[in-house]
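The values are calculated or read from the model by the stated rules, or taken from the named source; none is laboratory data. Since the model is a prediction, treat every value here as computed from it, not as a measurement. Cβ placement follows ideal geometry from the backbone for every residue including glycine, while neighbour counts extend to all protein chains displayed.
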Amino acid sequence: MNASSLNDRSSVHRYLVPLILLLLSFASFYENSLGINPENFRARHMGSDDLVLDGVMHARTGGAPLLGKFVRPDPATASTPEARYAAGDMTGRFDTYESSFGLQVHVFRLAAAVTGGSSHALHAVAAIALALLVVAFQIGITRLASPAAGIGFGLAIALSPWVSGFGSSLYWFEATWFLPAAIALLMGARAMALRQYYAAMLGLILIAFLIKFLCGYEYATTVVAATYSFVFLHALRAGRSIKALAGHALAIGVVAFVAFGLAMVMHAHAIGPTLAGGFDHIRETAEKRMSGSGGQQAGFLEKLCGARGDAEQVKLCKDEYRSSLNASPLKVVTRYFMMPHFIPWIDQIRENALASSGESDAAAIKSIGKAPSLGKMIDVARTVSFDGILALAITILSIVAFLAFDAFVFYLIWRQRSPLAWTTLLALLGSLSWFVAAKGHSFVHAHLNYVLWYLLYIPFGAALIVEWWRGRRAV
């Protein structure tokens, strides 16, 4: 192969592949343009966008830029948050949502001023921010491993039904989850050689963590672990000792702790009315996400659910949160290995089959997604129609595909024991960390939290498989 051919191939990998991946990622994330998910699946992940859109409208009129929504006397006049935003509907009182500082409102308020303000433009901003980070991962992994591994890593994120479902959400602002890890990937190699560069990397990671926590505390442990995974990978490649690896982990932990503390102070100050009162509210919110048990549980549940309306609603609320607080970590983790919606595009076939199968079949099959188990699948299969069987088969196919992926990745980790393999194992533990540390949140948010497998266990696993395949072909 002559020098000209090598240069042409290098140019393709350097410029054309990132451009194609950028466009593909944007199309995937922007309002489900590639149709990776059924619309009702995407709608579940966009359900909190009214907190941002109403917050932006509230700020336009001189109100504080906070998450929240207008309690409208006739909400049916505009059926979606986007329609109410387009109509400028600010009727009713504005109720703030105080579970986080709400940096999203500040960001998208500025974006609205720059783009002209349509909700579609704001969704595009969220999607392009995430798409750019996918390209950053592809470029970084290409440098560390190979162009094929970089593409595999990027496509695992870009074509994920779960990541795509969140991709243009204004509330979740998914780019903030991946930003700290991208900084560690792109700066880590040089940071291992230059102390000043290492300090600069930690400073930028601190800012990225702060941005994430100001948008919400959800998934904090996994975001931090994903960031450390790239520092860990760079350190392994540089031949650092176990003591040095522990030092890097401590540095990332301290940076995360400082960012978390700053976010909490800013959050408490914003929701007030006093700093102490703000911290009390943050503590109560955290109790819903963490394990929570013992004598305080009854009082906590009464405080949480007592204002839900009639006795039946209060009982349902208490039962749901009691189950989440008392669930064992093993039960929660096992549940998340039974992963639906792993394969892109096929869920539309499932939805069509569900629509044809009747309400009772659809309800039975959807119940599997809430608490997957082999026994429940067998029971449902005995009672549903042919269309129901088809929908059930697609659900099972997704679960089996993810378990097969896991099994093969675990096999490669054991066989290869390379820096990439050990980093994949670390990323797995990072994804699991939220399922355990915030098992209450994970128990009741299974419609959301499967996305944590992509931060960054599944992308690392995909890159590991691609590298194995390249090595196999070279033999």
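Descriptive notes on the structure:
- Residue check, His445 under 16 Å from the mean Cα position of the chain (by Cα) and without any contact (Cβ under 8 Å) to a residue 12 or more places away in the chain: yes
Residue-wise test of (1) under 19 Å from the mean Cα position of the chain (by Cα); (2) under 23 Å from Pro344 (Cα atoms).
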site	(1), (2)
Arg415	no, no
Leu426	yes, no
Gly430	yes, no
Ala438	yes, no
His441	yes, no
Leu452	yes, yes
Pro459	yes, yes
Ile465	no, yes
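- Filter result (part of a loop (DSSP other than H, G, I, E, B), among the hydrophobic types (A, V, I, L, M, F, W, C) and modelled with pLDDT of 75 or more) within region 1-34: Leu34
- Qualifying residue in region 35-42 (condition: loosely packed, with under 15 Cβ neighbours inside 10 Å and assigned to a helix (DSSP H, G or I)): yes
- The listed residue being within 18 Å of Val333 (Cβ to Cβ) and either among the basic types (Lys, Arg) or modelled with pLDDT under 90 (or both), out of Leu428, Leu448, Leu455: Leu448
- Qualifying residues in region 75-119 (those that are surrounded by 15 or more Cβ atoms within 10 Å (Cβ to Cβ), out of contact with any helix residue (DSSP H, G or I) (no Cβ under 7 Å at 6 or more places or on another chain) and modelled with pLDDT of 90 or more) - the one nearest to Ser169 (Cα to Cα): Val107
- Within region 198-252, the set of residues being within 18 Å of the chain's Cα centre (by Cα) and small (Gly, Ala, Ser) comprises Ala208, Gly216, Ala220, Ala225, Ala226, Ser229.
- Of the helices (runs of 4 or more DSSP H) lying entirely inside region 337-395, those containing at least 3 residues that are modelled with pLDDT under 70 and not assigned by TED's automatic domain parsing to the domain that holds Trp162 span 359-370.
- Which listed residue, of Phe435, Phe410, Phe405, is surrounded by 21 or more Cβ atoms within 10 Å (Cβ to Cβ), outside the structural domain of Ala226 (by TED's automatic domain parsing) and either in contact with a Phe, Trp or Tyr (Cβ under 9 Å, 6 or more places away or on another chain) or closer than 22 Å to Ala225 by Cβ (or both): Phe435
- Test result for Thr142, within 30 Å of Glu82 (Cα to Cα) and not acidic (Asp, Glu): no
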